[in-house]
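Participant: Sharing a structure here in C-alpha cells format.
The values are calculated or read from the model by the stated rules, or taken from the named source; none is laboratory data. Treat the numbers as computed from the prediction; the structure is a model and nothing was measured. Keep in mind that these areas ignore ligands, DNA and RNA; they rest on the heavy atoms of the full protein, side chains included. Shrake-Rupley method; radii C 1.70, N 1.55, O 1.52, S 1.80 Å.
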Amino acid sequence: MLVYDVERPELAPWEMPSRFSHDVAYFMTPPGERGAPRLPAGEYWIDPDDARRWLADGVLMLVSPLDSENQAEVELSEEQEAWLEWMIANQVRHVRLAP
C-alpha cells in the first residue's frame, strides 16, 4: 500500500502494510471539521495538529461507532509512527492510497 501526497505528487510515496487501507479511517479528519474538505473515495484529510498530537502521545483515541460515550486508547504501531513522522516532516495533510 502506498500513501501519496495529493497536493505534492512529486513527493515520493510512503509505503504501508495493506491493512493500512482500513486503519487510515482512524486518522482522517471528517469532512467539514477543522477545514477538512469532502474528498473522493480513497483520499483522506489528516489534520496536522492531530498528527503531531498522536505522534507525541504515541496513542490514538478510538470512539466506538455503537456508543460514542466509550473510547479506547490504542497504541500506535511503529509503522504508524513512521508514517506520521513522514506526514509531519513533509507537511502532508491530503493523502491518496493506492495498492
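Participant: So how much slack lies between ILE88 and ALA56, counting 0.36 nm per residue of separation and subtracting their Cα-Cα distance, in nm?
Facilitator: 10.4 nm
Participant: Test of understanding: what is the full-extension gain from GLU79 to ASP47, defined as 0.36 nm times their sequence separation minus their Cα-Cα distance?
Facilitator: 9.7 nm
Participant: Same structure again: Build a GNM of the chain with springs between Cα atoms under 10 Å: which of GLU75, GLU33, GLU15 gets the top mean-square fluctuation?
Facilitator: Of GLU75, GLU33, GLU15, the Gaussian network model singles out GLU33 as fluctuating most.
Participant: Return the carbon/sulfur percentage of the accessible area of the chain, one whole number, probe 1.4 Å, all protein chains in place. Provide the component values of the computation, followed by the final result.
Facilitator: Working: 3090 of 6200 Å².
So the carbon and sulfur contribution to the accessible surface is 50 percent.
Participant: Right, something else. Starting at the first residue of region 90-99, write each ³J(HN,Hα) from the Karplus equation 6.51 cos²θ - 1.76 cosθ + 1.60 with θ = phi - 60°, in whole Hz, x for Gly and Pro.
Facilitator: With coefficients 6.51, -1.76 and 1.60, one gets 9, 6, 8, 9, 10, 10, 10, 9, 8, x Hz.
Participant: A further question on this structure: Which value, in Å² rounded to 10, gives the accessible area of ARG19 with a 1.4 Å probe and all protein chains present?
Facilitator: Its accessible surface works out to 120 Å², give or take rounding.
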